[in-house]
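The values are calculated or read from the model by the stated rules, or taken from the named source; none is laboratory data. All values reported here derive from a predicted model rather than from experimental measurement. Virtual Cβ from ideal backbone geometry, glycine too; neighbours counted across all protein chains shown. Heavy atoms of the whole protein, side chains included, go into the accessibility calculation; ligands, DNA and RNA do not. Shrake-Rupley method; radii C 1.70, N 1.55, O 1.52, S 1.80 Å.
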Amino acid sequence: MVTANAHLPIVHFSSLDKLLNLGRANSLWPLTFGLACCAIEMMATGVARFDLDRFGMGVFRPAPKQSDVMIVAGTISKKMAPGIRTLYEQMPHPKWVIALGNCAIAGGPFVFAGQYGIVEGADKIMPVDIYIPGCPPRPEALVEGLLLLEEKLTGSRRWPRVNPE
Amino acid sequence: MSLFPEIIRIMAYVVGVLAFVGLNAAFLVWLERKVAGHIQRRIGPKEVGPFGVLQPVADGIKLISKQLVVPAQADSLLFRLSPVLTMTLAVTVFVVLPFGPSLVARDINIGLLLIFAFLSINVLALFIGGWGSNNKYAVVSAIRAVSQNVAYEVPMLIIVITMVMITSSMNLNVIVSQQGNLLQWHIFPWNGSILSPLAFLIFFVCTLAETNRAPFDLGEAESELVAGFHTEYSGMGFGLFFLGEYASVFVGCALASILFLGGWQCPLGIMPGVHWMLIKTYLLVFVVIWVRWTFPRTTLYGLLNLSWKVLVPFSLVILLVTAAQLKMPWPF
Amino acid sequence: MKKLAISQALAALASARVLECDHASRGFHLSVAVAPLELPAAAKILDQQGFFIEAITGVDWLGEQAAPGPTVADQAEHQPPLPSEDSFEVVYDFNHFAKLCRVALRTRMPRSRPEIPTISAIYPGANWHERETHDFFGIIFSDHPDLSPLLLPEDADFHPLCKDYKP
Amino acid sequence: MSGYFKEIYDGGKSLLVGMGITFRYMVQPVVTLQYPHETVPMTPRFRGHIDLACDQAGNHKCIVCGTCQRNCPSGCISLKGEKPEGAKKKLLIAYQLDFTKCSLCGTCVESCPTDALIFSKNYNLAGLSGQEFILDLLKRQEERSK
Amino acid sequence: MSDLAVDPSCETFVLNMGPQHPATHGALRIKLVLDGEYIVEAEPVLGYIHRMHEKMGENRSYLAFMPNTGRLDYLSALSYNHGYVSVVERAAGIAIPERAEYLRVITVELNRISSHLLWLGAFVLDLGGFTPLLYTMDDREQLLDLLESVTGSRLTYCYFRFGGLYNDVDDNFGPGARAFIKRMRRRLPMYHKLISKNVIFRQRLEGIAPVSAEMCRKYGATGPVARGSGIAYDVRKHEPYSVYPEFNFDIPVYEQGDSMARYLIRMDEIEQSLRIVEQGLDKLPPGPIMAVKVPKIIKPPKGDYYMAVEAARGSFGIRLVSDGSATPYRLKLRSPCLSNLSLFGEAARGLLLPDAVAFFGSLDLVIPDIDR
């Protein structure tokens, strides 16, 4: 289930692609892009207790040019939307987007009739790969989302599934 | 003498040096993230291969397969030249480093001069990179990197001059062979000059500043200038800067161990060899990493004051004391 | 006591109506209603007494005239309601660092001409509060250094907190 | 002149003390919870998305009164019930929760007259599309009660 | 140094510390006019995370606005819960039982400690030190587990209700809190050794961006920013509410007004909050946690009401205008961070760029609280 990425080369080297995707899956560098409350949970995931560096994702790059995953963590306001779109375009291919939290999925608790300020969901301004609901989602949910992104990249899941009950 | 064995020897050493630089960068990436992890009471890379050993491989593959983006208004020649320049300078310096008694690519008698000639051009590469990427943050950080490197070249060279005065030769192999077992290393006051432990400390601080490592990483200050001079570099452009930085960290620490800790000499003097050289250098690299994850960043003025008001006077004092000590009959 | 000093000073203003309120049940000690034009004078008095600005609140009393019975405006501490038209009300909250005394300075102006002099010259901190009130209600603070939108996008021409705002 | 040396001495000492602390923490055990391999159980009051509670007989306690639907600040709950002719009480047909708009405030659980709603414990939801989190609580409750 | 900065003849360039910048910790843009690295002019641009809280205040019932209060300043969400609940209780005249008051104060102070811990980590991260962030977040995780066992959420709490609390604490909350207090009292000296006494930190913070008491008054800055400039203003002491008069704690005040003073104040405030929590646990009375007769639909009488509470960043005030119906007529949220940030333009003039980042960090701002 290789990403249906419109920029795939015409010629496919299946084993090379598999190797490239395996390399990409294991070193996804997130872009430090926190907007609101979910950014604090993203920070809590990057630090000692849930340590993203175990999966090679601990390198939070501030510059969009050096990052692979944009984790949209927080509410997207209409004033910020063009800025987010520019950031997305500055990221080199292959790139992915994770919508963290209800605000990034569908506007979350700030959706009401006649709202003038927010964009209801990150998928209105850029293609989103992984959705993580919660307000804010626990750090384990972000780790689960990143593992799901790796599964989407490499086609198989290397880690045990955890069901909470 | 016929040219053939010479060509084989050069080819072997070129391949050896390039392989070593690649492996060294991969190992340092892994070591830095593991040590940083444990300092911060977390694990660091673990899931990618046993103990996260394949993590640098995964990073390398990803960086190679990234799309190379050259900004539109960027000066494309300078933009592309800068990472290549940083990498070549860092690699050429490996030619004169004596890894073992007979394991040195080119044993020339002005080895030390060559090293410092290339290390000082490194600043130019950073400046070209910062200026070429036509990004305000990159320009500000390039200016900072230049003033920082210039400020720290002076005390470093003064210390190297004192060591050359003691060993009276710039050939690195000769310097190392003068130091026998542990008691004859130059770091101890009774070998070289009275103040040589202080000289070692100043030399170490200057290597930190030369290679833009924290607490002097003003060039690549993450929290102020987004990502410093390599803000606009993606994929392998950024990868080359990474490799160049780690190569120059290794060179700085190798030089410190050659000048002060007796490069490939064994502390007990029984079996010198390349393993001692690597052990000492990687111990110093560990201290470099340890310092990075403990201290915050200094300001530009704090950095320049430290160099011009503290390190330069101290190194001049060391120079004079050593000169006086060598000329006058001294009990040692 | 600070409350006495300030209430006398403010009472000196022509159109001021000073009323003491019970802090436990209302949250502020003094409610002073002044005419819009006398606002800078009142602010200057408060500034001399060492008060600091806490907040500026805009309130849109649309449909106040049509509403039967005593409206909120009829309460003693409010300025007499305008006979002809609904009004905007702007409440300035001042407080004192040393002695506890919160003063609610109120003004009212007709909805058709929402014009009020700025106090950002006396209190630079009020600059942003006024820009925000202008964003939400369209109240024009005359000779305000830069009345561009603060929280809304730069090209915003709507005023969302007005009661007659339709998205 | 003495201030100059004293300042350098103090500075150097504070740097060494700092490095001592980080070294001490480096040799101590790590605090990482290796998530997919190790997990921590959720506290009893953890607020996951809401679920229909099962009583001893295994069926839900919802009487389709619509209190939760009215009280929800973000309007996430949509409830359908119909009264079979003859019977007095309404029967629940569909209970849909749009979790992507929920702010987990707990008003629905608190205001439900028959305590039919509880907070679920699943804290690690992630999916490939936003629609996955429009949850049908009735179906979930039936699966759980089997 | 500052005369060099305001010399108009030299060529300056505009640098945008853009909406996405590691040092702004959120969506805030600061338009900087720089002369080399000196700041000639700094003008923050807001509104990038405006979430219409005040508009939402006017179209939903009093109880339905409760989750919004947790999302204003999500680092000290319980203080904002406390402010909103108190203003409605003051308007509607609801008295709440003793145990609920004590639990409110204890959880608010624990929340203040977790907010200061995160600020400490992020502030040191802005200065370039990575490791202290990991240590403070490690302590904070212990605190979040404790608060999650009581309130059910980690960050955006919605735990207070008009007339009391959502639920009572279980019995391992007390020992858990005392264990945290003991652990925190051991960790604070370590932070002082690692950060406060470190020469590079002192060099980066001492004498940077002095803010005078007069400037604080003119801009309405409150909280640790005002207390750093010698103004002993803390709403818990100045305008006592809830059961704070029963606690004895003191207010740290420093005179210098530079970034070091603001940093030391928050470190001392962590100790004071630990004292309050300890006294609260000792004096926690038994009894109900919800007032007896609280109307299902709250309809406060007509008129306007004001309530100020001491949040982690300053005095958070709410002006509620009610017209007697079940939805507020106007709900003004006085954000402490907005006033604290408004003095950035004047105080940052003539600073170096890294010092301005240190000054910005010492103001401890949460951007969604500014934009509301």
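Values as computed for the structure displayed
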{"quantity": "Number of positions in the range E:307-363 that are closer than 18 Å to E:Y80 by Cβ and of a type in the set (F, W, Y)", "calculated": "1"}
{"quantity": "Close pairs (9 angstrom Cβ cut-off, 6 or more residues apart or separate chains): under 20 Å from B:L85 (Cβ atoms) and within 8 Å of chain A (Cβ to nearest Cβ) in the range B:212-232, of a type in the set (D, E, K, R) and surrounded by fewer than 24 Cβ atoms within 10 Å (Cβ to Cβ) anywhere", "calculated": "B:A227/A:R61; B:A227/B:E220; B:H230/B:E220"}
{"quantity": "Test result for D:G106, crowded, with 17+ Cβ neighbours inside 10 Å, within 30 Å of B:F51 (Cβ to Cβ) and modelled with pLDDT of 90 or more", "calculated": "no"}
{"quantity": "Residue among E:V225, E:V199 that alone is touching a helix residue (DSSP H, G or I) at 6+ places or on another chain (Cβ under 8 Å), free of Cβ contacts under 8 Å to residues at least 24 places away in the same chain and either open to solvent by 30 Å² or more (accessible area, probe 1.4 Å) or away from chain D (no Cβ under 14 Å) (or both)", "calculated": "E:V199"}
{"quantity": "Filter result for A:K124 (open to solvent by 10 Å² or more (accessible area, probe 1.4 Å), under 24 Å from B:L54 (Cβ atoms) and modelled with pLDDT of 90 or more)", "calculated": "no"}
{"quantity": "Top-ranked residue of the range A:114-138 - restricted to ones that are β-branched (V, I, T) and assigned to a loop (DSSP other than H, G, I, E, B), ranked as nearest to the other protein chains (Cβ to nearest Cβ)", "calculated": "A:V128"}
{"quantity": "Within the range E:61-83, tally of residues that are aromatic (F, W, Y) and either open to solvent by 10 Å² or more (accessible area, probe 1.4 Å) or under 21 Å from E:N340 (Cα atoms) (or both)", "calculated": "2"}
{"quantity": "Count - residues of the range C:1-41 that are touching a residue at least 40 places away in the same chain (Cβ under 8 Å), open to solvent by 50 Å² or more (accessible area, probe 1.4 Å) and more than 25 Å from E:V235 (Cβ to Cβ)", "calculated": "2"}
{"quantity": "So A:E165, is it over 20 Å from A:T45 (Cα atoms) and at the interface with chain D (Cβ under 7 Å from one of its Cβ atoms)", "calculated": "yes"}
{"quantity": "Filter result (among the hydrophobic types (A, V, I, L, M, F, W, C) and either surrounded by 18 or more Cβ atoms within 10 Å (Cβ to Cβ) or not in a helix (DSSP H, G or I) (or both)) within the range E:156-180", "calculated": "E:C158, E:F160, E:F162, E:L165, E:V169, E:F173, E:A177, E:F180"}
{"quantity": "Complete set of residues in the range E:135-155 that are within 7 Å of another protein chain (Cβ to nearest Cβ), closer than 29 Å to D:G18 by Cα and open to solvent by 10 Å² or more (accessible area, probe 1.4 Å)", "calculated": "E:D138"}
{"quantity": "Selected residue (only one of B:P98, B:P71 is touching a Ser or Thr at 6+ places or on another chain (Cβ under 7 Å), touching a residue at least 12 places away in the same chain (Cβ under 8 Å) and not charged (D, E, K, R))", "calculated": "B:P71"}
{"quantity": "Members of the range E:294-343 found to be assigned to a loop (DSSP other than H, G, I, E, B), under 30 Å from E:R262 (Cα atoms) and among the basic types (K, R), listed by number", "calculated": "E:R313"}
{"quantity": "Among the candidates D:Y25, D:Y9, residue that is open to solvent by 80 Å² or more (accessible area, probe 1.4 Å) and within 11 Å of chain E (Cβ to nearest Cβ)", "calculated": "D:Y9"}
{"quantity": "Some residue of the range D:33-49 being among the hydrophobic types (A, V, I, L, M, F, W, C), touching a helix residue (DSSP H, G or I) at 6+ places or on another chain (Cβ under 6 Å) and surrounded by 15 or more Cβ atoms within 10 Å (Cβ to Cβ)", "calculated": "no"}
{"quantity": "Identity of the residue in the range A:66-86, surrounded by fewer than 20 Cβ atoms within 10 Å (Cβ to Cβ) and part of a helix (DSSP H, G or I), that ends up farthest from the other protein chains (Cβ to nearest Cβ)", "calculated": "A:R85"}
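For every residue, the table says whether it meets (1) closer than 20 Å to A:M43 by Cβ; (2) within 19 Å of the chain's Cα centre (by Cα); (3) away from chain B (no Cβ under 14 Å).
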{"site": "E:E109", "(1), (2), (3)": "no, yes, yes"}
{"site": "E:H116", "(1), (2), (3)": "yes, yes, yes"}
{"site": "E:A122", "(1), (2), (3)": "yes, yes, no"}
{"site": "E:G163", "(1), (2), (3)": "no, no, yes"}
{"site": "E:F173", "(1), (2), (3)": "no, no, yes"}
{"site": "E:A179", "(1), (2), (3)": "no, no, yes"}
{"site": "E:K182", "(1), (2), (3)": "no, no, yes"}
